[in-house]
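Working notes, beginning with the structure itself.
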Amino acid sequence: MSFINYKTKEIHCKIVYYGPGLSGKTTNLQYIYQKTSTLNKSAMISLDTQTERTLFFDFLPLAVGKIRGFHVRFHLYTVPGQAFYDASRKLILKGTDGVVFVADSQVIRFESNLESLENLQQHLKQQGTALKDIPHITFK
Ligand SMILES: Nc1nc2c(ncn2[C@@H]2O[C@H](COP(=O)(O)OP(=O)(O)O)[C@@H](O)[C@H]2O)c(=O)[nH]1
Ligand SMILES: [Mg+2]
């Protein structure tokens, strides 16, 4: 559920980019960041390792206009794809309003895509929801 602050008249929506390591999640956020007017965005925060792979997450806050007088703000997150960062993924996914699943289109990464998708479904189930019940998009 999106978070609505009646006092400040703001609606906050959390969107999580999910997928295996190196599938292009961070690249997606960077592209959106580049294409968005400075009026609508705050700094994009990336917590990277030295090898530039996402260690914890990327975070991009976006203001996307008003609905009935309420400012709508999207908070875009990416998860770290590597298998051993499962606890971080679980935490980042918590309370999300939507999921963008970024699959790697290389044939050799087919199993990794499946593994990541199953991992996503598992975490959602633990959080009492399911992919079919939340807005989501899958692309490669
Ligand atoms: N060929 C190709 N490379 C891509 C594409 N998207 C991302 N990359 C590259 O793949 C690597 C991993 O991308 P990144 O966004 O860091 O993946 P993440 O681990 O899912 O966040 C980077 O070197 C990107 O430049 C794409 O659509 N095509
Ligand atoms: Mg990344």
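Only the coordinates and a few stated rules stand behind these numbers; no lab work does. None of these values were measured; they are calculated from a predicted model. Cβ atoms come from the backbone with ideal geometry, glycine included; neighbour counts cover every protein chain shown.
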* To do: Taking the chain as the reference, fit the longest principal axis to its C-alpha atoms, fit the long axis of helix 110-126 to the helix C-alpha atoms, and give the angle between the two in degrees, 0 to 90, nearest 10.
  => 50
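Counting other Cβ atoms within 10 Å, keep those with at most 15, restrict to DSSP loop, and tell me which chymotrypsin sites (Phe, Trp or Tyr not before Pro) in the range 1-108 are left. Please list the in-between numbers first.
Working: sites: F3, Y6, Y17, Y18, Y31, Y33, F56, F57, F59, F70, F74, Y77, F84, Y85, F101; in loops: Y6.
Those that pass, being in a loop and sparsely packed, are Y6.
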* What is the distance, in nm, between label points placed 7 Å from the Cα along the Cα-to-Cβ direction at L22 and at S105? -> 1.8
* To do: State the Kirkwood hydrodynamic radius of the chain in Å, one decimal place, computed from all pairs of distinct Cα atoms.
  => 15.7
* Asked: Antiparallel as a % of all DSSP beta bridges within the chain, to the nearest 5?
  -> 50
